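Engineer: Take a look at this one; I'll ask things after.
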Amino acid sequence: TIDPENKLLVAMPRRRLDWEAMRDSLLAVSGQIDFKMGGPSVDLFAPPYTPRRSVYGLVDRQNLPSELRTFDFAPPDASAPQRHQTTVPQQALFLMNGPFLKQTVKRLAARPDLVRIDSSNKRIDSVHVLLFGRHARAGEIETALKYLSASTGQDQAD
């Protein structure tokens with residue numbers, strides 16, 4: 001209501017992250033990113049997944065991992081002035097079911113600053129602050145509590 005056309009930039013327009021920035025952001029919020037500079041390149045796709053920044057990932061020009069192709073990684077064996085931007089189901093499936101993301105979420109849940117919090121409401125709010133840079137709204141807390149209460153057995157542990 002204050003700025004419906006967003007001329008005053010009341011709200012930051014959404015922008016798409018490239019794969020490297022998305023991966024590094026996930027590592028950062030889970031508290032596991034390794035900021036060490038320099039050193040040899042590492043395999044980013046072999047479990048257990050390395051916390052090294054994506055810039056240190058090994059890129060085999062002849063055998064590009066499918067994850068990189070899924071997220072529009074520029075072909076390393078040709079000149080590319082810019083990346084294409086596609087939205088395909090494989091991107092969502094990687095983010096919902098990928099083993100890297102599962103490992104990252106488990107590490108996020110195990111962060112010492114979150115484990116110390118006794119109240120589910122406060123823990124949900126703290127996760128929102130880490131992930132979105134803002135406090136959770138009442139409806140978001142309610143939805144998260146319903147989800148958590150519906151989980152049973154192994155699903156809840158995950």
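Engineer: Tell me the mean residue ellipticity at 222 nm calculated for the chain from its helices only (DSSP H runs of n ≥ 4, each -39500 (n - 2.57), averaged over every residue, nearest 500).
Structural biologist: Working: 8 runs with 71 residues, N = 158.
Calculated at 222 nm, the ellipticity per residue is -12500 deg cm²/dmol.
Engineer: Now for a different question. May I ask you to rank Asp118, Asp60 by accessible area, largest first, using a 1.4 Å probe over the protein chains only?
Structural biologist: The most accessible residue leads, giving Asp118, Asp60.
Engineer: Please list, ordered by chain and number, the residues whose modelled amide H lies under 5 Å from the amide H of Arg52; skip anything fewer than 5 residues away on the same chain.
Structural biologist: Counting only residues 5 or more places away or on other chains, the set is Asp34.
Engineer: For the full complex of protein chains and a 1.4 angstrom probe, list Asp24, Asp77, Asp113, Asp43 by accessible area with the highest value first.
Structural biologist: Working: Asp24 30, Asp77 100, Asp113 60, Asp43 80 Å².
Greatest to least solvent exposure: Asp77, Asp43, Asp113, Asp24.
Engineer: Now a separate question. Hey, can you grab everything whose amide H is under 5 Å from the amide H of Val42? Only 5+ residues off in sequence or another chain; H modelled, so Pro and N-termini drop out.
Structural biologist: The answer is Gly57, Leu58.
Engineer: Let me ask another. For the stretch 52-84 and the stretch 92-115, what is the separation of their Cα centres, given in Å?
Structural biologist: Going from one Cα centre to the other spans 23 Å.
Engineer: Give me the dipole magnitude in Debye, nearest 20, for the stretch 84-158 about the Cα centre, with unit charges on the beta carbon: positive for Lys and Arg, negative for Asp and Glu.
Structural biologist: 180 debye
Engineer: With every atom except the alpha carbons ignored, what do you get for Rg and Dmax of the stretch 12-66, in angstroms?
Structural biologist: Rg, Dmax (Cα atoms, Å): 12.4, 39.
Engineer: Over the Cα atoms of the chain, how large are the radius of gyration and the largest Cα-Cα distance (Dmax), in Å?
Structural biologist: 18.5, 53
The values are calculated or read from the model by the stated rules, or taken from the named source; none is laboratory data. If you're wondering where the values come from, they're calculated on a predicted model, not measured in any experiment. With ideal geometry, Cβ positions are generated from the backbone for all residues, glycine too; neighbour counts draw on all protein chains shown. Surface areas here come from the heavy atoms of the whole protein model, side chains and all, with no ligands, DNA or RNA. Shrake-Rupley method; radii C 1.70, N 1.55, O 1.52, S 1.80 Å.
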